[in-house]
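Asks: Below is the structure I would like to discuss, written out as structure tokens.
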Amino acid sequence: MKKYFVSGGAGFIGSCLVEKLVKLGKEVVVYDNFSFGRMENIEDFKDKIKVVNADINDFALLDGAISEFAPDVVVHLAAIHFIPYCNENPREAVQVNVDGTHTLMNVCSKYRPKAFLFASTAAVYPPSHIPYREDHEIGPFDIYGATKICGETLMELYALQTEVPSVSCRFFNVYGPKETNDHVIPRIIKQIKKGVTTIQLGNTSPKRDYIYVEDMSEALIKISLTGINKYEVFNIGTLLPPITPKNLFIQFMMDQFRQTRVNVIRGTPACFILYFANVRT
Ligand SMILES: NC(=O)c1ccc[n+]([C@@H]2O[C@H](COP(=O)([O-])OP(=O)(O)OC[C@H]3O[C@@H](n4cnc5c(N)ncnc54)[C@H](O)[C@@H]3O)[C@@H](O)[C@H]2O)c1
């Protein structure tokens, strides 16, 4: 796989993924409307990639970009991801996350990449105290999760109709540098920069499976290189015990100094697992 088309490639996860792809010598097109993504995220390697500043629902521009580039792999990360924003703007969330996914699939059905990876989420599952397997019951509890399960359904249909090997990747909670949305780590860093002596963490009781952005990016690359059956679903988490926001910050500091380690683990035929995504309360 040589050519990667990354929608949402200027965002938090996208920019990390693109940097890794560039280091691996891949050709990359970033397609992003910079609504949440930032040029500074891709500044260091922007001369080595092509950047298309356009909307995921702009069929003509998307069609032009994909027909010209002819990607081997499409990684579809463009979405409205910040849950409070989705709750306040449900129509926009549906337009970008559902219609946008449909538009991109429509274009890809003409040019048929060798693999299509869709960024879904653990928010397709209802809250649970037991670890989630991919065959766990589905039950989104907010508009964001609902848009992603719609996206997955479209993906499956599309994969079966076009035979483009496709994967819905259910990301658990991703953390790391360059976060674009106001999640735990950016909130803590903002407070530290202000020089406060006591850090407000908000609700410290929920425990989540937090995965480092470098590991997430490695996982996406590995999945793209793994022979994909027609349509598959992968949880992408850590297999580690879930942690609180406070411990997440300690983990974040430690992660700045370590190498990434990712394995793709396939489970039973009905259950494809990359690590075992864990409990969320
Ligand atoms: N960060 C997490 O913890 C997490 C967890 C589960 C799933 N995900 C999914 O992973 C993907 C990437 O998330 P992220 O954390 O990097 O978020 P992000 O907001 O940093 O990245 C999304 C990117 O999509 C772009 N975008 C948004 N609307 C667009 C549109 N209409 N046209 C073109 N581009 C558009 C944004 O500018 C941004 O660069 C998303 O699909 C998200 O739902 C993320």
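Asks: Has region 138-150 got any residue that is assigned to a loop (DSSP other than H, G, I, E, B), touching a strand residue (DSSP E or B) at 6+ places or on another chain (Cβ under 8 Å), free of Cβ contacts under 8 Å to residues at least 40 places away in the same chain and away from the ligand (no atom under 12 Å from the Cβ)?
Replies: There is no residue in region 138-150 that is assigned to a loop (DSSP other than H, G, I, E, B), touching a strand residue (DSSP E or B) at 6+ places or on another chain (Cβ under 8 Å), free of Cβ contacts under 8 Å to residues at least 40 places away in the same chain and away from the ligand (no atom under 12 Å from the Cβ).
Asks: Does ASN106 meet the test of being touching a helix residue (DSSP H, G or I) at 6+ places or on another chain (Cβ under 8 Å) and either over 21 Å from ALA10 (Cα atoms) or aliphatic (A, V, I, L, M) (or both)?
Replies: Judged against the criteria, ASN106 is a match.
Asks: Follow-up question, since we're still on this one. Between a residue in region 35-47 that is under 10 Å from SER15 (Cα atoms) and any residue that is acidic (Asp, Glu) and more than 14 Å from the ligand (Cβ to nearest atom), which pairs come within a Cβ distance under 9 Å, given they are 6 or more apart or on different chains?
Replies: The qualifying pairs do not exist here.
Asks: I've got another one for you. Going through THR204, THR198, THR238 one at a time, which residue ends up being surrounded by fewer than 18 Cβ atoms within 10 Å (Cβ to Cβ), at negative phi, modelled with pLDDT of 70 or more and not charged (D, E, K, R)? Can you show your working first?
Replies: Working: THR204 fails: modelled with pLDDT of 70 or more; THR238 fails: surrounded by fewer than 18 Cβ atoms within 10 Å (Cβ to Cβ).
Criteria check complete, one pass: THR198.
Asks: Which residues, counting only those in region 5-38, are near the ligand (Cβ under 10 Å from one of its atoms) and in a helix (DSSP H, G or I)?
Replies: Of region 5-38, the ones near the ligand (Cβ under 10 Å from one of its atoms) are 6-17, 30-38.
PHE12, ILE13, GLY14, SER15, CYS16, LEU17 - these are the residues of region 5-38 that are near the ligand (Cβ under 10 Å from one of its atoms) and in a helix (DSSP H, G or I).
Asks: Determine whether region 202-210 contains at least one residue that is in contact (Cβ under 8 Å) with a residue 40 or more places away in the chain, away from the ligand (no atom under 13 Å from the Cβ) and either under 26 Å from GLU19 (Cβ atoms) or assigned to a helix (DSSP H, G or I) (or both).
Replies: no
Asks: Could you list, in sequence order, the residues of region 125-139 that are within 21 Å of LEU240 (Cβ to Cβ) and not basic (Lys, Arg)?
Replies: TYR125, PRO127, SER128, HIS129, ILE130, PRO131, TYR132, GLU134, HIS136
Asks: Same structure again: Go through region 152-163 residue by residue and tally those that are surrounded by fewer than 22 Cβ atoms within 10 Å (Cβ to Cβ), at pLDDT below 95 and within 13 Å of LEU104 (Cβ to Cβ).
Replies: 1
The values are calculated or read from the model by the stated rules, or taken from the named source; none is laboratory data. Worth saying up front: this structure is predicted, and the values here are computed from it rather than measured. Note that we place each Cβ from the backbone using ideal geometry, even for glycine, and neighbour counts take in every protein chain shown.
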